[in-house]
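**Student:** Pasting a structure below so you can have a look.
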Amino acid sequence: MTRTAQPPTKGSVLTVSKTFVRFVKRTLATGAVALAALSLQPTTASASPTPVVGGTRAAQGEFPWMVRLSMGCGGALYTQQIVLTAAHCVSGSGNNTSITATAGVVDLNSSSAIKVRSTKVLQAPGYNGSGKDWALIKLAKPINLPTLKIADTTQYNNGTFTVAGWGAAREGGPQQRYLLKADVPFVSDADCQAAYGNDLIPGEEICAGILGQGGVDTCQGDSGGPMFRRDAAGAWIQVGIVSWGIGCARPDYPGVYTEVSTFASQIRSAASTL
Ligand code: ARG
């Protein structure tokens, strides 16, 4: 079985993934919360809970390219009119006016929130539920905010990253009104494979978390949002896209992120077609 694409709005179908199957075999006793928590399914604002665990409030304007998407995912402004998010947050490619992007605020309920509808979605070509977890959403009009550049070399795939989102602040917890942020250290492919085995696709995924300790992580509803760090010039650069994990902030299960550098050239050329 493979992870499947998710409907953009309702129709709550639990994603069946290879991880899911192995995990069920491995730890039958872990329970429904954990099973739901490892799904790639985005969490709508009204759905049951599991943003950032171990985080603190982001300041207004601190991450100006952060976007909240109406299906319950995060994203980042790749250009002023294109949001980079996760493939598992969208249902396919084509014209799509059903998604609303909310930007320019840390408080989703703020009256100064900028809300713009989607016009098109481009899901990563060949996405089948494992790896390749990226997608682009074209907006009906540009948003006049700074964009986040993406890493196109592996040189930033190390160090300490920042993550941010409006997802759950604890496993099983509710979605958040205010944007949370946290710092998470890089976890090597070897260490991440030790946790996830063959479910990890090392060439396409990059892991982060505090191994052996946990407590800080992204979580349900953060999917599609950026993992980023400072580049050599001190500018923010996106190295990951929130993708999946077993539970949230567990000591032995780091967060798994789409490795942006792997897909940078595809993302760039896909964006040019939108
Ligand atoms: N798949 C989740 C979502 O749709 C993201 C889970 C991230 N999990 C983690 N432990 N880092 O929001």
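The values are calculated or read from the model by the stated rules, or taken from the named source; none is laboratory data. Keep in mind that this is a model prediction, so the values were computed, not measured. All Cβ positions, glycine included, derive from the backbone under ideal geometry; neighbour counts span all protein chains shown. These area figures cover heavy atoms from the full protein model, side chains too; ligands, DNA and RNA do not enter into them. Shrake-Rupley method; radii C 1.70, N 1.55, O 1.52, S 1.80 Å.
**Student:** Want the number for SER265 to ARG57: 0.36 nm per residue separation, take away the alpha-carbon distance, what's left?
**Tutor:** 71.6 nm
**Student:** Heavy-atom accessible area per residue, region 116-213, 1.4 Å probe: how many Å²?
**Tutor:** On the way: 3940 Å² over 98 residues.
It amounts to 40 Å² per residue over region 116-213.
**Student:** Which distance in nm do the two modelled labels at ARG177 and LEU145 give, with both placed 7 Å along the Cα-to-Cβ direction?
**Tutor:** Reported label-point gap for ARG177 and LEU145 is 1.9 nm.
**Student:** Roughly how many nanometres apart are two label points built 7 Å out from the Cα toward the Cβ at GLN80 and SER98?
**Tutor:** It is 3.0 nm.
**Student:** Please give the FRET efficiency for ASN109 paired with THR160, using the beta carbon to beta carbon distance and R0 = 30 Å, rounded to the nearest 0.05.
**Tutor:** Details: r = 31 Å, r/R0 = 1.03.
Computed FRET efficiency for ASN109 and THR160 comes out at 0.45.
**Student:** So, in nm, how far is label GLN213 from label SER272 when the simple model puts each one 7 Å beyond its Cα toward the Cβ?
**Tutor:** In this crude spin-label approximation the distance works out to 4.4 nm.
**Student:** Ranked from highest to lowest mean number of other Cβ atoms within 10 Å per residue, what is the order of the peptides 242-252, 211-221?
**Tutor:** Order by mean packing, descending: 242-252, 211-221.
**Student:** Could you work out the percent of alpha carbon pairs in region 158-274 separated by over 20 Å, rounded to a whole number?
**Tutor:** When every Cα pair of region 158-274 is considered, 40 percent fall beyond 20 Å.
**Student:** While we're here: Among the trypsin sites (Lys or Arg not before Pro) within region 171-230, which fall in a DSSP loop and have no more than 14 other Cβ atoms within 10 Å of their own Cβ?
**Tutor:** ARG177
**Student:** Using the crude model of +1 on Lys and Arg Cβ and -1 on Asp and Glu Cβ, and no other charge, please compute the dipole size for region 128-246 relative to its Cα centre, in debye to 20. Please list the in-between numbers first.
**Tutor:** Values: 9 positive and 12 negative charges, 132 e Å.
For region 128-246, the charge dipole is close to 640 debye.
**Student:** Determine the distance separating the Cα centre of region 55-79 from the Cα centre of region 125-165; give it in Å without decimals.
**Tutor:** Region 55-79 and region 125-165 have Cα centres spaced 12 Å from each other.
**Student:** Also, I was wondering about something else. Please list 110-120, 77-87 highest first by mean number of surrounding beta-carbon atoms within 10 Å per residue.
**Tutor:** 77-87, 110-120
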